[in-house]
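Here's the structure, in structure tokens; my notes come after.
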Amino acid sequence: MNVYLNLTKSGYDGESDLLTLEVPASYTDELLRYVRPIAEQKEVAEIKILQDIIKEAVFEISRRSYERKNRKNKKR
């Protein structure tokens, strides 16, 4: 399954690119297991929910800091 996403926030006037994400078939069923109940509950198209889940995952990963902390004690 190919999902096309525009990851720019609303109100952004700079350059933007369209992200094409290819979801392997083995993951598609797993994702849709989460998407379908939400889409039925909110009465929204499944593709919209899927895009929102992927966007939020991208934003969360980019927000996190993966820098490794210095584990040595400064008193040494």
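The values are calculated or read from the model by the stated rules, or taken from the named source; none is laboratory data. Since this is a predicted model, take the numbers as computed values, not measurements. Every residue, glycine among them, receives a Cβ derived from its backbone with ideal geometry; neighbour counts consider all protein chains shown.
Filtered by the rule that a residue be over 16 Å from the mean Cα position of the chain (by Cα) and not charged (D, E, K, R), segment 11-37 gives Gly11, Tyr12, Gly14, Ser16, Ala25, Ser26, Pro37. Got at least one residue in segment 37-47 being among the polar types (S, T, N, Q), modelled with pLDDT of 85 or more and surrounded by fewer than 10 Cβ atoms within 10 Å (Cβ to Cβ)? Yes; the residues of segment 37-47 include at least one that is among the polar types (S, T, N, Q), modelled with pLDDT of 85 or more and surrounded by fewer than 10 Cβ atoms within 10 Å (Cβ to Cβ).
Just so you know, in segment 48-76 the residues that are charged (D, E, K, R), modelled with pLDDT under 85 and in a helix (DSSP H, G or I) include one that is nearest to the chain's Cα centre (by Cα), and it is Lys55.
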